[in-house]
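Written below as structure tokens is the structure these notes are about.
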């Protein structure tokens, strides 16, 4: 069930069965900021509010109404101060502590990292097509004027999930003359012209030259890439995962890499995280890993802070908030 937030008879309420209405937002709520660099930005925009930096700990005796951040021990400790609304600094909630998830009102910063992550995806796709890093020269080659490589124009990019990140990937891929297909959780038409929607993961997998995982971690998406779906893929597919490690059955992936079904796996996420030292994926020649850092850019948390400030304006005005986390976990 989706979760809608609205004003009902002067109270803030989550429209979900069994969830009581919360008190009306205070005229001057105390904002607890667990994202240290964002504190000065929030203070400058809301000079009339008390904005407390809790990135190094929650001050004794402080009362909080709103929390920006949502991860780490200080954010958990902040929940005991009376917080009624938590604005996460990211999108996924699978790693959020229960104390945070149980907040009367929980919102995420959907799309905050769309630029950085979409660029990561396109970089990975380009690297695979141009056979990088293998094609970089360290010595004189046997043959000049030739290297193994392919082009992206005409290749099929398949997107599992079609939120803000995937939509931006699609726009870039279409500009590069790629065919783009996508699978989304609703039957709504594509918001991006030129993107073909398919009805099953099997159809998506069978079409892919590059398969990009961009869906949240839920019970339904766990191991969506597994032995069965891998058997439906074209030999030589490129897998890109910027979602969560739980979407991939890593042992099934290992077999698919070894038998050539998957030519390369570009993985920003793994299961578990951090991946322990000595894990086979560190050494596999077809696996290219980054440490869940595709979201990083300059400056970090800038867009997430903008999203929080926009939502805080709505909160103060009693308007519906953007990015409300539903019962499905996104």
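The values are calculated or read from the model by the stated rules, or taken from the named source; none is laboratory data. Predicted model, so just to flag it, every value in this text is computed and none were measured. Glycine gets a Cβ as well: all are built from the backbone with ideal geometry, and neighbour counts include every protein chain shown.
Please state which one of 306, 302 is over 15 Å from the mean Cα position of the chain (by Cα), within 18 Å of residue 114 (Cβ to Cβ) and modelled with pLDDT under 95. Give the steps one after another, and end with the answer.
Working: 306 fails: modelled with pLDDT under 95.
Of 306, 302, the one residue that is over 15 Å from the mean Cα position of the chain (by Cα), within 18 Å of residue 114 (Cβ to Cβ) and modelled with pLDDT under 95 is 302.
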- Item | Positions within the stretch 230-242 being without any contact (Cβ under 8 Å) to a residue 40 or more places away in the chain and either surrounded by 20 or more Cβ atoms within 10 Å (Cβ to Cβ) or not assigned by TED's automatic domain parsing to the domain that holds residue 281 (or both), in sequence order | 230, 233, 237, 239, 241
- Report, by residue number, each residue of the stretch 36-81 that is surrounded by fewer than 16 Cβ atoms within 10 Å (Cβ to Cβ), touching a residue at least 12 places away in the same chain (Cβ under 8 Å) and on the phi > 0 side of the Ramachandran plot. 57, 72
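Could you tell me which of the residues 251, 313, 273 is in contact (Cβ under 8 Å) with a residue 24 or more places away in the chain and exposed (fewer than 15 other Cβ atoms within 10 Å of the Cβ)?
273
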- Filter result for residue 261 (in contact with a helix residue (DSSP H, G or I) (Cβ under 7 Å, 6 or more places away or on another chain), assigned by TED's automatic domain parsing to the domain that holds residue 96 and either in contact (Cβ under 8 Å) with a residue 12 or more places away in the chain or at negative phi (or both)): no
